[in-house]
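*Asks:* Got a structure here, written out as structure tokens. Questions coming.
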Amino acid sequence: MKLPSSFPLVKHQKLGCGAVNERSRHLVSTMAEPTNTPIPASTPVPASTPRSSSPLQQYSIPSLTPNATTATIPLWPSTTSSPDTATGKPQRPIVLHIGDPIKYNPDTYAEFNAAFEVIRPPTPERERNELIRALKEKRWGHFSAIFRPFWGTGGEMGRWDAELIELLPSSVKVFASAGAGFDWADTKLLGERGIIYCNSGLAAAEAVADFSVAMIISAFRHLPWCMNAATFPYLTSSSDARSTFRECHARATAASHNPRGHTLGLIGFGNIGQQIAAKMGNPAFGMKIAYYDVVRKPAAVESELRATFYEKLEGLMKVSDCVVLCTPASADGRPIITAETLGYLRPGTRFVNIARGSLVDEEALADALDSGVVRAAALDVHMDEPSVNERLVRMATGLGFDDRGQHPGRVMLTCHNAGGTVETHVGFEELSMRNILRVLRDGGEAVTPVNLHWLREKKGV
Ligand SMILES: O=CC(=O)O
């Protein structure tokens, strides 16, 4: 089996403006676990699978077996040598670059620019209507790739659905984008049209896993309660800051636990799930690791991470003390955390979502928090971003005990920040360029494709 060789994912060369404007991140396509696995429409819970071994080694998770779906992709011939009929000069494939210019990886960009003719339409041409007009007019000719290196820009046209995809010229072979999540593009339809979609989840995995650690600890130690009690009284004159502080200091102890010895139930065990397991298991936090995924991981991965596989979501939820959602959005957009699946939990379980808001029925979660089935939750992603569920906000921000005796601050809410670090963005750029270079220039395998099964299915391979 041929594997992609390793690539230099993170280079810390910073050009120009540097820090990424997190608030401007595009909220249509959001962070989720990268996967190479098809999510059949009939499958209730999406899967995630490990990537090929080499890029993951930099994250110190060795012994991951290559994912079968990354091997033996139907290769596209390198197109760099075909001569221009008018000039006789070698013609470089055209890459449509949507979004901001490259900031962090000048060397790779020089290589990229030498291999391709890069066209970067200005923002107005990326707005949906104008983009449709441009595609109909074939304004950018027979381009071969779409390249979106950043998450905060390049999403102006909204979702890449049939309306846009059907206008793409047949010359397009690869679409490489920033972002772990790929619900902003119909990757099935792209695959059926012979276009490989590559995400950049690998570049975000460490940041998301780190953030998840904070959220898991928050759920065990009730950080929102501790933080709100120390600060909120100073924002209003309605409460006595000293007594709020004292009450939290005295009472949070009885509600707080060390994660050690508790079972962490990971829904999705791809790059992010595995990194969370590595960070929260032994020897660091000492949690027992359990996971559910549509595709069971190789024995070497399970043994290295001391992870126990559950074949059914129900089984995993029943044994977990803290459930973490780290799986891509369902292909059909349906939630997997519902009143029914929350019903599998033992009372007092914690819940963390760093994947996609669409995976959670937030009203059902609020009910479960009300009843105490869920003791604490931490949500980085939300159903209706940038809005946040008001019941959950009340649970996150209250200072008093409720009429069921539940303490305040049982929910931590953040603004889809888990993957948002400079290092992630450095990796997004690099990985997107590497994917296109690999496929178009080298005639090789994409590094992080997510839809090869649909290409194969269409080709009957
Ligand atoms: O939301 C961000 C991502 O999917 O990487």
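*Asks:* Would you check if Arg242 is surrounded by fewer than 18 Cβ atoms within 10 Å (Cβ to Cβ) and modelled with pLDDT of 95 or more?
*Replies:* Spelling it out, it is not the case that Arg242 is surrounded by fewer than 18 Cβ atoms within 10 Å (Cβ to Cβ) and modelled with pLDDT of 95 or more.
*Asks:* When you scan region 182-196, do you find a residue that is crowded, with 24+ Cβ neighbours inside 10 Å, at pLDDT below 95 and near the ligand (Cβ under 10 Å from one of its atoms), even just one?
*Replies:* Yes, there is a match, as at least one residue in region 182-196 is crowded, with 24+ Cβ neighbours inside 10 Å, at pLDDT below 95 and near the ligand (Cβ under 10 Å from one of its atoms).
*Asks:* Shifting gears a bit: Can you name the residue in region 295-324 that is part of a strand (DSSP E or B) and more than 15 Å from Gln274 (Cβ to Cβ) and, of all such residues, is nearest to the chain's Cα centre (by Cα)?
*Replies:* If we filter region 295-324 for residues that are part of a strand (DSSP E or B), which is where we start, we get 307-310, 322-324.
Keeping just the survivors that are more than 15 Å from Gln274 (Cβ to Cβ) gives 310, 322-323.
Numbers: Tyr310: 22, Cys322: 20, Val323: 17 Å.
Top of the filtered list is Val323.
*Asks:* Does Gly154 qualify as being touching a strand residue (DSSP E or B) at 6+ places or on another chain (Cβ under 7 Å) and either within 20 Å of Asn435 (Cβ to Cβ) or surrounded by 23 or more Cβ atoms within 10 Å (Cβ to Cβ) (or both)? Spell out the reasoning first.
*Replies:* Values: touching a strand residue (DSSP E or B) at 6+ places or on another chain (Cβ under 7 Å): yes; either within 20 Å of Asn435 (Cβ to Cβ) or surrounded by 23 or more Cβ atoms within 10 Å (Cβ to Cβ) (or both): yes.
Judged against the criteria, Gly154 is a match.
*Asks:* Moving on to the next point. Quick check on region 273-289: of everything there that is surrounded by fewer than 23 Cβ atoms within 10 Å (Cβ to Cβ) and among the small types (Gly, Ala, Ser), which residue is nearest to Ala418 (Cα to Cα)?
*Replies:* Ala278
*Asks:* So, one more: Looking at Glu206, Glu125, which one is charged (D, E, K, R), part of a helix (DSSP H, G or I) and within 16 Å of the ligand (Cβ to nearest atom)?
*Replies:* Only one candidate passes the filter, namely Glu206.
*Asks:* I need every pair where a residue in region 111-124 that is farther than 18 Å from Glu429 by Cβ has its Cβ under 6 Å from the Cβ of a residue that is at pLDDT below 95 and not small (Gly, Ala, Ser), sequence separation at least 6 or different chains.
*Replies:* Within 6 Å, no pair qualifies.
*Asks:* Just to be sure before I move on: is Pro233 more than 27 Å from Gly286 (Cβ to Cβ) and either modelled with pLDDT under 95 or not polar (S, T, N, Q) (or both) in the structure I sent?
*Replies:* Values: more than 27 Å from Gly286 (Cβ to Cβ): yes; either modelled with pLDDT under 95 or not polar (S, T, N, Q) (or both): yes.
Considered against the rule, which asks whether it is more than 27 Å from Gly286 (Cβ to Cβ) and either modelled with pLDDT under 95 or not polar (S, T, N, Q) (or both), Pro233 comes out as yes.
*Asks:* Would you point out which residue out of Gly265, Gly270 is touching a residue at least 60 places away in the same chain (Cβ under 8 Å), of a type outside the set (Phe, Trp, Tyr) and crowded, with 21+ Cβ neighbours inside 10 Å?
*Replies:* Result of the check over Gly265, Gly270: Gly270.
*Asks:* Between a residue in region 134-151 that is over 14 Å from Val174 (Cβ atoms) and away from the ligand (no atom under 16 Å from the Cβ) and any residue that is part of a loop (DSSP other than H, G, I, E, B) and of a type in the set (A, V, I, L, M, F, W, C), which pairs come within a Cβ distance under 6 Å, given they are 6 or more apart or on different chains?
*Replies:* From residues that are over 14 Å from Val174 (Cβ atoms) and away from the ligand (no atom under 16 Å from the Cβ), the pairs are Leu135/Leu167.
*Asks:* For Val172, only one of the following conditions fails: (1) closer than 29 Å to Thr448 by Cα; (2) part of a helix (DSSP H, G or I); (3) more than 16 Å from the ligand (Cβ to nearest atom); (4) of a type in the set (A, V, I, L, M). What is its number?
*Replies:* (2) is the only condition that Val172 fails.
*Asks:* Additional query: Can you pull out every residue in region 251-287 that is basic (Lys, Arg) and in a helix (DSSP H, G or I)?
*Replies:* If we filter region 251-287 for residues that are basic (Lys, Arg), which is where we start, we get 251, 260, 279.
Across region 251-287, the qualifying residues are Arg251, Lys279.
The values are calculated or read from the model by the stated rules, or taken from the named source; none is laboratory data. A quick note: this is a predicted structure, and the numbers were derived from the prediction, not measured. All Cβ positions, even for glycine, are placed from backbone atoms using ideal geometry, and neighbour counts span all protein chains on display.
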